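Enquirer: The structure's right below; bear with me while I get my questions together.
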Amino acid sequence: MAERISETLSEPLLNKLKGEQYVLLATIDPETNTPVVNAVSWVYAPDDRNLRIAVGHRSRMIGNVKANPRVTVTVIGPHSTYSIAGNARVSHEPLEGAQIKLAGITIEVESVRDVMFYGAKIVEEPRYVKTYDKEAADKLDRQVMDALRRG
């Protein structure tokens with residue numbers, strides 16, 4: 001059973017979510033009324049009660065959030081898997097400052113749960129590599145993260 005551990009992000013989670021990070025964002029599809037999970041990496045926590053996420057300007061996540069603001073963000077690590085539930089809103093359309101068209105989603109954190117199965121802990125967190133030009137990827141990542149920090 002998932003253990004509710006807080007109504008805010010803990011210091012380790014807050015620190016983890018201060019930079020580009022692999023997370024899963026679950027929204028509700030308004031046509032099917034079913035959960036849809038997307039991997040995102042542009043996420044930033046300005047404080048222990050909010051998350052900001054950048055997504056493509058044509059992402060279905062935008063329409064999903066507008067139709068139903070209830071979302072869940074899954075974070076793997078540190079040491080466990082966490083489910084962060086909250087209310088989302090499309091806060092920036094477009095997200096200014098990036099060379100590509102993006103939208104910003106802001107999530108107000110309502111609960112944080114430890115959802116790791118009993119008797120285990122995360123010993124190695126997921127890693128990924130960008131598969132396009134590294135210099136272009138680094139430049140874009142800096143632009144997007146700066147935009148998220150500005151809010």
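The values are calculated or read from the model by the stated rules, or taken from the named source; none is laboratory data. Just so it is clear, the structure is predicted and the values come from calculations on it, not from any experiment. Reconstructed Cβ throughout: ideal geometry from the backbone, glycine too, with neighbour counts over all protein chains shown.
Enquirer: For the stretch 51-73, what are the residues that are buried (at least 17 other Cβ atoms within 10 Å of the Cβ) and not in a helix (DSSP H, G or I)?
Expert: Matches in the stretch 51-73: 51, 52, 53, 54, 55, 59, 69, 71, 72, 73.
Enquirer: While we're here: Considering only the stretch 31-41, state which residues are more than 25 Å from residue 137 (Cβ to Cβ) and either loosely packed, with under 13 Cβ neighbours inside 10 Å or out of contact with any helix residue (DSSP H, G or I) (no Cβ under 9 Å at 6 or more places or on another chain) (or both).
Expert: Passing the criteria: 31, 32, 33, 34, 35.
Enquirer: Tally time: how many residues in the stretch 118-151 are aliphatic (A, V, I, L, M), outside any loop (DSSP other than H, G, I, E, B) and closer than 21 Å to residue 75 by Cα?
Expert: Total satisfying the criteria: 3.
Enquirer: Need pairs with beta-carbon distance below 7 Å; first residue more than 21 Å from residue 57 (Cα to Cα) and within the stretch 101-117, second assigned to a loop (DSSP other than H, G, I, E, B) and at pLDDT below 90; sequence gap 6+ or separate chains.
Expert: 113/2; 114/2; 115/2
Enquirer: Would the stretch 32-49 turn up any residue that is in contact (Cβ under 8 Å) with a residue 60 or more places away in the chain, among the aliphatic types (A, V, I, L, M) and not in a loop (DSSP other than H, G, I, E, B)?
Expert: Yes, the stretch 32-49 contains a residue that is in contact (Cβ under 8 Å) with a residue 60 or more places away in the chain, among the aliphatic types (A, V, I, L, M) and not in a loop (DSSP other than H, G, I, E, B).
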